[in-house]
Amino acid sequence: MTQQPHQSGLTQAGLSGTASKSAVDSALPLFTEADLAEAAAIVYRHMPPTPQYNWPLLSKRLGCQVWVKHENHTPTGSFKIRGGLVYHHYLRQEEPELKTTMASTRGNHGQSVALAGKLYGFKPTIVVPYGNSPDKNRSMIGWGAELIKYGHDFEESLAFAKQHAGECHMHFVPSFHLRLVLGVASYCMEFLKAVPDLETVYVPIGKGSGICAMIAARNALNHRAEIVGVVSTEAQAYKLSFDQGQLVSTDSANTIADGVACRIPNPVAFEWIHQSVSRIVAVPDDLVLRAIGALYSDTHHLAEGAGAIALAALMTDEEHQRMQGRRVGVVLCGGNLDWSLMERAKAFID
């Protein structure tokens with residue numbers, strides 16, 4: 001008898017962000033612990049695992065055992081580089097002659113595309129909206145990307161980038177793709193294995209790769225933690241979609257937490273979230289500033305807006321009461337804080 005070879009989730013991860021619901025349903029259970037380990041091995045060629053700490057002052061502040069996953073410790077200061085490394089690894093294998101790539105971003109995805117592209121021999125062009133973080137822009141250029149400014153928000157720059165990539169025969173690197181999810185899942189796997197008795201984990205939602213990676217890792221490891229998504233009150237597309245059970249877009253996404261400034265949900269990510277997340281919490285910008293201050297006060301770490309928003313969700317009255325005495329994880333997904341925002345957060349450092 002001839003045994004059929006195992007087709008890993010990495011091979012199947014060509015699924016695009018416009019896949020049908022049936023494709024999503026079949027995709028959700030496909031990723032095994034071996035698939036995630038395979039992706040993690042690619043990530044670890046370029047960076048070590050990041051730490052997770054139970055910070056006593058945060059725990060005292062919130063009345064529960066608070067574990068922080070420090071994705072601010074990656075080479076780009078954000079979790080996004082993990083997905084970028086896996087995506088570009090397979091892109092180079094599949095298109096050995098390819099020279100140029102393009103992406104749209106508010107910053108962290110663009111830094112990932114820039115650094116991973118550099119490591120795998122691509123020349124990236126990154127499109128950002130006007131008014132984007134100057135610090136993140138400078139970092140993308142520093143990693144070797146050409147920067148184009150277009151549009152008033154992420155969705156406008158995204159539409160331009162897709163069109164420009166097609167016209168110029170450049171490979172477009174999406175913000176959500178299953179290979180990105182698998183790479184990002186390496187941090188989720190680290191976190192859940194390090195804290196096997198974690199009861200709840202709060203995860204920011206931008207386009208969805210971070211929270212879908214947590215879903216994939218929890219399922220693959222058969223972990224019992226509930227997953228709570230976090231968005232801004234100024235960018236509630238995913239929460240509205242979750243609450244209504246269907247895709248809902250918004251007219252704006254104007255928040256200081258630019259990493260979660262999404263107004264058009266990804267349909268694949270939405271189906272994963274809708275099936276697997278306990279609830280989604282919306283957090284106002286003033287509470288994000290308080291969370292930035294609390295992280296600095298209690299851990300001496302800087303968090304950008306999206307990096308602090310998971311803690312901010314735990315600081316809301318309802319979640320604070322719900323989590324008393326429990327073991328809770330928050331994902332500090334990025335530490336690329338603009339100094340202008342740090343000036344505003346200083347008032348909340350105690």
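The values are calculated or read from the model by the stated rules, or taken from the named source; none is laboratory data. In this text the structure is predicted, and so the values were computed from the model without any measurement. Using ideal geometry, Cβ is built from the backbone for each residue, glycine included, and neighbour counts are taken over all protein chains shown.
Summary table
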read-out: Residues satisfying the stated conditions in the stretch 79-133, i.e. under 22 Å from LEU182 (Cα atoms), hydrophobic (A, V, I, L, M, F, W, C) and outside any helix (DSSP H, G or I); value: PHE79, MET102, ALA103, PHE122
read-out: Of residues in the stretch 161-182 being outside any helix (DSSP H, G or I) and hydrophobic (A, V, I, L, M, F, W, C), the one surrounded by the fewest Cβ atoms within 10 Å (Cβ to Cβ); value: CYS168
read-out: Lone qualifier among ARG322, ARG327 - being touching a residue at least 60 places away in the same chain (Cβ under 8 Å) and surrounded by fewer than 20 Cβ atoms within 10 Å (Cβ to Cβ); value: ARG327
read-out: Among residues of the stretch 239-264, those that are over 26 Å from ASN137 (Cα atoms) and surrounded by 18 or more Cβ atoms within 10 Å (Cβ to Cβ), counted; value: 4
read-out: Single unsatisfied condition, ALA185 versus (1) in contact with a Lys or Arg (Cβ under 9 Å, 6 or more places away or on another chain); (2) farther than 30 Å from THR32 by Cα; (3) buried (at least 24 other Cβ atoms within 10 Å of the Cβ); (4) of a type outside the set (Lys, Arg); value: (2)
read-out: Pick from the stretch 266-290, criterion under 17 Å from the mean Cα position of the chain (by Cα) and part of a loop (DSSP other than H, G, I, E, B), ranking: nearest to ILE309 (Cα to Cα); value: VAL277
read-out: Any hit, the stretch 245-265, residues being of a type in the set (Asp, Glu), closer than 18 Å to PHE176 by Cβ and either in a strand (DSSP E or B) or in the same structural domain as GLY208 (by TED's automatic domain parsing) (or both); value: yes
read-out: Hey, ILE211 part of a strand (DSSP E or B) and either at pLDDT 95 or above or out of contact with any helix residue (DSSP H, G or I) (no Cβ under 8 Å at 6 or more places or on another chain) (or both) or not; value: no
read-out: Filtered residues of the stretch 117-134 (kept if of a type in the set (A, V, I, L, M) and farther than 23 Å from ALA261 by Cβ); value: LEU119
read-out: THR76 being at pLDDT 95 or above, over 15 Å from the mean Cα position of the chain (by Cα) and either crowded, with 22+ Cβ neighbours inside 10 Å or not acidic (Asp, Glu) (or both); value: no
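This table checks each residue for (1) among the small types (Gly, Ala, Ser); (2) assigned by TED's automatic domain parsing to the domain that holds SER209.
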site: ALA114; (1), (2): yes, no
site: VAL127; (1), (2): no, no
site: TYR130; (1), (2): no, no
site: ASN137; (1), (2): no, no
site: ILE141; (1), (2): no, no
site: LEU147; (1), (2): no, no
site: GLY151; (1), (2): yes, no
site: LYS162; (1), (2): no, no
site: VAL184; (1), (2): no, yes
